[in-house]
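Asks: Below you will find the structure I want to go over with you.
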């Protein structure tokens, strides 16, 4: 089958799919006419039940916490998969060529302007990431966003041209274990509830007095912290593996 | 059934102390949706992967603006950090890896 | 305006799938998969939107202010971050494919046997 035939076959299939989709659109209540009861119900009772004013994070970590455990483990396993695939590639190459130069030999020289601009933002990035990770219950923030911003702080160190400093700040063993602590911590919070005789992932900590304070809403803040460090460790692991791939200079490569 | 539910829940237009005029909101949403559709087409039609990473970054920014127009600030934060920063970075690192082996 | 966001969803889906089908570079194909996945975010948020309502955060507004649906926002939020990690896994596979077969053209990869 040639490329042109493939293209026409795809367009025919896409036209059929779009036809069925648009036919189904006529039965929908239309954009903006949200009919279902769950959105209105949760908006009304979430603050009173969990003392968390960020209802989206309350839904993520409390009402639908079980789904979030699953998603976080998808993230964890994807990061481990990247590490496994790329480390196996690296071990194969080290066995092949005897004399290869070490790390850092291929790191580029960056200008002082780039170095200044990136290093100035490392501190604020860590601060913003920590803030986002710890305020899930108050305002639009949460462990997922905070973790990615925290990982970006480490990448900024690499961008300033210091790959070896980046590696010293995030040694592979430490990053692996922090990721494991994050993922396992989330599951452990759920299991602690089971040990207390409650269903899995029940909010067993005190809910606090003021809705929306940092110390309120019980396990939501704790779970958000664990998710934050796990997401940060996963992204630093992924970026670190890809960076080690690019900076190994091979002299008699394939 | 759904038609009746829709009619019942929308007898009068909802206004809050923070609402902008509904015509303005509609215009904003239509414009940003058209921009998102154009952005998706631009990302797909950019054939070179290095340029596509930059196009993906711009598309992530457009998506973040769209999420903001749909009253979802949490998703905006996620899309900004991931789609405009982390994904183009991963793409660039992969391309550097692939090119170095040549 | 009643169905326009959903039409945009199917347009983005179609354009992304067209890019996947007619791609000549594995990394380009992976980016088109990202575009396809972004159409689901638009669909989720369009389903949960309530005209005239505000974001569901009651830190500084009263609890009974009409707000949009928070459940679909929670789904889209975790989806965005997890997708980046899965894309990284796909990119690692692309690197391995390049190492094994020496080419990143998906239409040539199909015809290679082992």
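Asks: For C:62, B:97, what's the fewest-to-most ordering of other Cβ within 10 Å of each Cβ?
Replies: C:62, B:97
Asks: Here is a follow-up. Based on the Cβ-Cβ distance from residue A:8 to residue A:38, what FRET efficiency comes out when R0 is 60 Å, to the nearest 0.05?
Replies: 0.90
Asks: Give the share of C-alpha pairs in each 10 angstrom bin for the stretch A:1-84, from 0 to the last occupied bin, in whole percents, shortest bins first.
Replies: Taking all Cα pairs of the stretch A:1-84, the binned fractions are 14, 19, 20, 30, 14, 4, 0 percent.
Asks: Could I get the Rg over Rh figure for chain A? Both from C-alpha atoms, Rh via Kirkwood, rounded to two places.
Replies: Here Rg/Rh amounts to 1.09.
Asks: On to the next question. For helix C:26-47, what angle does its Cα long axis make with the longest principal axis of chain C, in degrees from 0 to 90 and rounded to 10?
Replies: It works out to around 20 degrees.
Asks: Inside 10 Å of the C-beta atoms of C:41-47, what's the mean count of C-beta atoms belonging to other chains?
Replies: Neighbouring Cβ atoms belonging to other protein chains average 6 per residue here.
Asks: Taking the number of other C-beta atoms within 10 Å as the exposure measure, put B:15, A:26, A:68 in order starting with the fewest.
Replies: A:26, B:15, A:68
Asks: How high is the relative contact order of chain C? Use alpha-carbon pairs under 8 Å, at least six apart in sequence, and give a whole percent.
Replies: Numbers: 89 pairs, mean separation 31.1, N = 114.
Answer for chain C is 27 percent.
Asks: What are the semi-axes of the equivalent ellipsoid for chain C, taken as the square roots of 5 times the Cα gyration tensor eigenvalues, largest first, in whole Å?
Replies: On the way: eigenvalues 309, 58, 10 Å².
Output for chain C: semi-axes of 39, 17, 7 Å.
Asks: Run the helix sum for chain C: -39,500 (n - 2.57) per DSSP H stretch of 4+ residues, divided by residue count, reported at 222 nm to the nearest 500 deg cm²/dmol.
Replies: Values: 4 runs with 76 residues, N = 114.
Counting only the DSSP helices, I get -23000 deg cm²/dmol.
Asks: Taking neighbour counts of Cβ atoms within 10 Å as a proxy for exposure, in what order, fewest first, do B:68, C:44 appear? The partial results should precede the final answer.
Replies: Values: B:68 18, C:44 23.
Least to most surrounded, the residues fall as B:68, C:44.
Asks: Taking N as the number of residues in the stretch B:21-100, what value does Rg over Cα atoms divided by 2.2 N^0.38 Å take?
Replies: 1.26
Asks: From other protein chains only, count the Cβ atoms within 10 Å of every residue's Cβ in B:38-48, then give the mean.
Replies: 6
Asks: When the helix-only estimate is applied to chain A (DSSP H runs of n ≥ 4, each -39,500 (n - 2.57), divided by the residue count), what is the mean residue ellipticity at 222 nm, nearest 500 deg cm²/dmol?
Replies: -23000 deg cm²/dmol
Asks: Let me ask something else about it. I'd like the mean, over residues of A:138-151, of how many other protein chain beta carbons sit within 10 Å of each residue's own Cβ. Let's see the in-between values first.
Replies: Values: counts 3, 5, 13, 3, 7, 2, 11, 12, 2, 2, 10, 5, 1, 4.
Counting other chains' Cβ atoms within 10 Å and averaging over A:138-151 gives 6.
Asks: Using only the Cα atoms of the stretch A:104-175, each taken as one equal point scatterer with no solvent, compute I(q) by the Debye sum, divide by I(0), and report log10 of the ratio at q = 0.11 Å⁻¹.
Replies: For the requested q values the scattering log ratios are -0.32.
Asks: Run a plain Debye calculation on the protein assembly as shown (Cα atoms as equal point scatterers, no solvent) and give log10 I(q)/I(0) at q = 0.09, 0.10, 0.12 Å⁻¹, rounded to two decimals, same order as the q list.
Replies: -0.65, -0.80, -1.12
Asks: With an 8 Å cut-off on Cα pairs and a minimum separation of 6 or more residues, tell me the relative contact order of the stretch A:36-247 in percent.
Replies: Relative CO of the stretch A:36-247 lands at 31 percent.
Asks: Comparing A:25, A:243, A:119, which has the greatest mean-square fluctuation in the GNM of chain A with Cα pairs linked when under 10 Å apart?
Replies: Ranking A:25, A:243, A:119 by mean-square fluctuation puts A:25 first.
Where a number appears in this text, it was derived from the coordinates with a stated rule and is not lab data. Keep in mind the model is a prediction, meaning the values are calculated, not measured. Positions of Cβ are backbone-derived with ideal geometry, glycine not excepted, and every protein chain shown enters the neighbour counts.
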